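Chemist: Dropping the structure in here first, questions after.
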């Protein structure tokens, strides 16, 4: 039977053209080296080497066999390196869920940080709302999520990537655009684009809670899920909305932004979330990439909810 050890011994002798020098290279004595060559020749059914007074000479069969043996060993070595890289997380693939808002700023930075340090890790990206990410994490459909979810986080490990202020988005010709900054009371009675309370639960609860706290009661005319849809309706003059400041990245023509209650800003958190039992070797690399882009103010110690 042809074995890898036979090939390594043959290549070493063929390169050195001498059994003694080849044995030193392989850190073995000559008798077992000679035995390895004999076993190889027996397996192939032909003579590969001739000894002479100067050392070793390749037969015609040996000369043709040498490059093929080197190719085989190269493939074996590369396969071993590949397997180790995958096992240690330097190479592989990961399924990543992300919200639409995270794609404006955090997701591109996350991908860039990962590719900079781990170019051989491939990401499969899945756009989904935070609620769906929770289900996908539970089923194993995704490895990590860039999520706003605070629901059921007790089941997962998670760490904070960023906090961002929420601002008011207004049609560019709205009367409130004459102000440099706004208060929550300014939204009272305004036609308002609110978040849908299921698929956009995080933002719904965040904004609705603050409106209630401040005693502001806008006139909710639409309930929506996606930020880009909300901004499109703001541009159309349907109403005003409270959106993450990263929404400005969309450069939506005809939409103006104003800070609201700058002394006590309302902030949204974006987290990296993963299942505790996830065994994907690249997971530590994903966490490291998230750390690289995290706000300095963010508490990025992986934590579990109590």
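Chemist: What are the pairs with Cβ atoms under 8 angstrom where one residue, in the range 283-306, is in a helix (DSSP H, G or I) and the other, located anywhere, is surrounded by 11 or more Cβ atoms within 10 Å (Cβ to Cβ) and modelled with pLDDT under 50? Sequence gap at least six, or different chains.
Modeler: Matching pairs, first to second residue: 287/302; 290/300; 291/300.
Chemist: If residue 151 satisfies all but one of (1) modelled with pLDDT of 90 or more; (2) not in a strand (DSSP E or B), what's the number of the condition it fails?
Modeler: (1)
Chemist: Is at least one residue of the range 269-276 touching a strand residue (DSSP E or B) at 6+ places or on another chain (Cβ under 9 Å), assigned by TED's automatic domain parsing to the domain that holds residue 192 and over 30 Å from residue 93 (Cβ atoms)?
Modeler: The answer is no, given that none of the residues of the range 269-276 is touching a strand residue (DSSP E or B) at 6+ places or on another chain (Cβ under 9 Å), assigned by TED's automatic domain parsing to the domain that holds residue 192 and over 30 Å from residue 93 (Cβ atoms).
Chemist: Follow-up question, since we're still on this one. I'm checking my understanding of the structure. Among residues of the range 48-63 that are over 16 Å from residue 12 (Cα atoms) and in a loop (DSSP other than H, G, I, E, B), which one is farthest from the chain's Cα centre (by Cα)? Show your work before the answer.
Modeler: Residues of the range 48-63 that are over 16 Å from residue 12 (Cα atoms), as a first pass: 52-54, 60-61.
From what is left, the residues that are in a loop (DSSP other than H, G, I, E, B) are 53-54.
On the way: 53: 61, 54: 58 Å.
Out of the qualifying residues, it is 53.
Chemist: Only residues that are touching a strand residue (DSSP E or B) at 6+ places or on another chain (Cβ under 8 Å) and assigned to a helix (DSSP H, G or I): list them for the range 238-258, please.
Modeler: Matches in the range 238-258: 245, 246, 247, 248.
Chemist: Still on this model: Select from the range 119-139 the residues that are under 17 Å from residue 278 (Cβ atoms) and out of contact with any strand residue (DSSP E or B) (no Cβ under 8 Å at 6 or more places or on another chain) and write down the one among them that is surrounded by the most Cβ atoms within 10 Å (Cβ to Cβ).
Modeler: 135
Chemist: Consider residue 23 carefully, then state whether it is loosely packed, with under 14 Cβ neighbours inside 10 Å, outside the structural domain of residue 290 (by TED's automatic domain parsing) and over 30 Å from residue 136 (Cα atoms). Give the derivation first.
Modeler: Details: loosely packed, with under 14 Cβ neighbours inside 10 Å: no; outside the structural domain of residue 290 (by TED's automatic domain parsing): yes; over 30 Å from residue 136 (Cα atoms): yes.
So residue 23 does not fit the description; no.
Chemist: Could you tell me which residue of the range 172-212 is modelled with the highest pLDDT, considering only residues that are loosely packed, with under 14 Cβ neighbours inside 10 Å and under 32 Å from the mean Cα position of the chain (by Cα)?
Modeler: It comes out as 197.
Chemist: Continuing with the same structure: Looking only at the range 259-270, how many residues end up being surrounded by 14 or more Cβ atoms within 10 Å (Cβ to Cβ) and outside any strand (DSSP E or B)?
Modeler: Looking only at that region, the number is 3.
The values are calculated or read from the model by the stated rules, or taken from the named source; none is laboratory data. These figures come from a predicted structure and were not determined experimentally. For neighbour counting, all protein chains shown are included, and Cβ atoms are generated from backbone atoms with ideal geometry for every residue, glycine included.
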